[in-house]
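The values are calculated or read from the model by the stated rules, or taken from the named source; none is laboratory data. These numbers were taken from a predicted model, which means no experiment stands behind them. Positions of Cβ are backbone-derived with ideal geometry, glycine not excepted, and every protein chain shown enters the neighbour counts.
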Amino acid sequence: MSENTSQNANVVVEHLRAWNGEVIEDVIEFRGETTVVVPREMLREAAARCRQHAELQYNFLTDATCVDRFPMEPRFEVSYHLVSIPRRERLRLKTKLSGSDPVMDSLVTVWPGANWLEREIFDLFGIRFTGHPDLRRILLPDDWEGYPLRRDFPTQGFRDVPSTYIPAFRKHGS
């Protein structure tokens with residue numbers, strides 16, 4: 001990891017700790033990337049600080065993703081990948097959720113682009129986002145049962161899918 005990356009991470013960590021000493025659970029630096037682990041109750045406020053503070057300016061949300069660590073607890077890790085365009089820096093904010101209560105605050109009020117990213121996480125992992133303006137399935141049909149990217153989702157699915165008749169794919173002579 002370069003000295004410059006470490007200094008940039010320290011600026012974020014110092015600022016967040018000065019704001020609230022309990023906001024940072026862990027700081028992970030790996031291959032020049034910094035991840036700040038934040039309790040789910042403080043994530044929205046920490047994200048707003050990262051976006052609005054003049055020293056930080058993380059004004060672009062590039063991605064939001066989830067990892068299922070089943071059977072470990074906390075089971076889920078939700079990560080938001082941020083970029084400060086003026087400062088040319090990257091940061092990852094991460095929070096951990098238990099399998100029995102996979103609910104967290106939505107960051108749509110901080111970055112409107114989080115809307116579809118959080119809907120995708122909801123659709124595929126079943127994480128519920130409090131305060132999300134339109135939390136519904138985005139990729140799968142409304143009647144889909146379960147969350148297919150959870151590690152305990154059956155590889156064959158929960159139900160039989162009827163074979164569909166598509167004339168264009170019918171074999172000749174049948």
Total residues in segment 27-67, condition small (Gly, Ala, Ser) and free of Cβ contacts under 8 Å to residues at least 60 places away in the same chain: 4
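Which is touching a residue at least 24 places away in the same chain (Cβ under 8 Å) and within 18 Å of the chain's Cα centre (by Cα), of Pro148, Pro112?
On the way: Pro112 fails: touching a residue at least 24 places away in the same chain (Cβ under 8 Å).
That would be Pro148, the only listed residue that is touching a residue at least 24 places away in the same chain (Cβ under 8 Å) and within 18 Å of the chain's Cα centre (by Cα).
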Any hit, segment 22-33, residues being at pLDDT 95 or above, closer than 19 Å to Phe129 by Cβ and either touching a Gly at 6+ places or on another chain (Cβ under 8 Å) or surrounded by fewer than 18 Cβ atoms within 10 Å (Cβ to Cβ) (or both): no
Residue match in segment 81-92 (condition: in contact with a Gly (Cβ under 9 Å, 6 or more places away or on another chain) and among the hydrophobic types (A, V, I, L, M, F, W, C)): no
Condition met for Thr155 (under 25 Å from Pro74 (Cβ atoms), in a loop (DSSP other than H, G, I, E, B) and at pLDDT 95 or above): no
Residue count for segment 112-132, restricted to those that are in a loop (DSSP other than H, G, I, E, B) and out of contact with any helix residue (DSSP H, G or I) (no Cβ under 7 Å at 6 or more places or on another chain): 4
Total residues in segment 69-110, condition among the hydrophobic types (A, V, I, L, M, F, W, C), surrounded by fewer than 20 Cβ atoms within 10 Å (Cβ to Cβ) and assigned to a loop (DSSP other than H, G, I, E, B): 3
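Considering each of Val108, Val103 in turn, give the residue that is in contact with a Lys or Arg (Cβ under 7 Å, 6 or more places away or on another chain) and within 22 Å of Pro39 (Cα to Cα). Can you show your working first?
Working: Val108 fails: in contact with a Lys or Arg (Cβ under 7 Å, 6 or more places away or on another chain).
Sole residue among the options that is in contact with a Lys or Arg (Cβ under 7 Å, 6 or more places away or on another chain) and within 22 Å of Pro39 (Cα to Cα): Val103.
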In segment 36-68, the residues that are surrounded by 15 or more Cβ atoms within 10 Å (Cβ to Cβ), aliphatic (A, V, I, L, M) and in a loop (DSSP other than H, G, I, E, B): Val38, Leu56
